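Each reported figure results from applying straightforward, stated rules to the coordinates on display, with no laboratory input. Bear in mind that the values here come from a model prediction, so they are computed numbers and not experimental data. Reconstructed Cβ throughout: ideal geometry from the backbone, glycine too, with neighbour counts over all protein chains shown.
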Amino acid sequence: MAKTGGNDAGFGPVLRTCTAADSDDTCFAAVDAAESFERSALPDRLSRTYAAIRRSSPHAQVVVLGYPRLFDLAPNCTEPQVPNVARRTKLNEGADVLDGVIQSVSQRFGFYFGDVRGQFANHVVCSTDPWINGPSVPTVVGPYHPNQTGYRNGYLAALDVLTGGSGAAT
């Protein structure tokens, strides 16, 4: 299983910008810059990583898991320090671009892509049952990362769909 891309695209700093920015435009510019990187430079980085995996394990069945959208777009979100609806919408769009790039490159290498957006759809930040830590949740992994339930019911569930629960891609 391979999972890469979000940190490469600078998603952490983008989230911090969108949380702290004085204007939506500042957030939108940060997301646009990340999307530009995702479309232009990230494919080469992923290709190098995936090529190294393929060289070292030419017969491996590799699963690449995508990223969930992070936010529910309900206007009445009560989670402290969460960006407004317009910024959350833009950040979710950035996650979709990231997933599209990762899916495209992974499939070029014959890898299986696990789209986790469906598993996480009703369990994102600002939902009633979040599987992703909000910015105010003190955790070891930090904000905007899945909690234990998210890893089990989001990522592991997506992996199980691809592997039939066996750990081997089908």
Check your understanding: Residues of the stretch 90-112 being over 16 Å from S36 (Cβ atoms), crowded, with 21+ Cβ neighbours inside 10 Å and touching a helix residue (DSSP H, G or I) at 6+ places or on another chain (Cβ under 6 Å), which ones?
Key -> V105
Exercise for review: Give the stretch 1-51 a look and list any residue that's acidic (D, E) and within 14 Å of V82 (Cα to Cα), or say none.
Suggested key: D22, D24
Exercise for review: Go over the candidates R45, R87 one by one and state the one that is surrounded by fewer than 20 Cβ atoms within 10 Å (Cβ to Cβ) and either in contact with a helix residue (DSSP H, G or I) (Cβ under 6 Å, 6 or more places away or on another chain) or not hydroxyl-bearing (S, T, Y) (or both).
Suggested key: R45
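Going by what's in this entry, would G134 be described as under 17 Å from G12 (Cβ atoms), small (G, A, S) and in contact with a strand residue (DSSP E or B) (Cβ under 6 Å, 6 or more places away or on another chain)?
Numbers: under 17 Å from G12 (Cβ atoms): yes; small (G, A, S): yes; in contact with a strand residue (DSSP E or B) (Cβ under 6 Å, 6 or more places away or on another chain): yes.
So G134 fits the description; yes.
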Practice item. Report yes if L46 is of a type in the set (A, V, I, L, M) and closer than 30 Å to G164 by Cβ, otherwise no. Key: yes
Revision key, fill the gap. Per the list (1) surrounded by fewer than 16 Cβ atoms within 10 Å (Cβ to Cβ); (2) hydroxyl-bearing (S, T, Y); (3) under 17 Å from the mean Cα position of the chain (by Cα); (4) over 13 Å from D8 (Cα atoms), residue check on S36 breaks on (4)
Point to revise | Output for the stretch 88-133, where each listed residue is more than 24 Å from A21 (Cβ to Cβ) and in a loop (DSSP other than H, G, I, E, B) | key: F109, G110, F111, D115, V116, A121, N122, H123, T128, D129, W131
Exercise for review: Give, as residue ranges, the helices (runs of 4 or more DSSP H) completely inside the stretch 1-87 that count at least 1 residues that are touching a strand residue (DSSP E or B) at 6+ places or on another chain (Cβ under 9 Å).
Suggested key: 42-56
Exercise for review: Could you tell me whether the stretch 9-29 includes any residue that is among the aliphatic types (A, V, I, L, M), closer than 27 Å to D160 by Cα, surrounded by fewer than 20 Cβ atoms within 10 Å (Cβ to Cβ) and without any contact (Cβ under 8 Å) to a residue 40 or more places away in the chain?
Suggested key: no
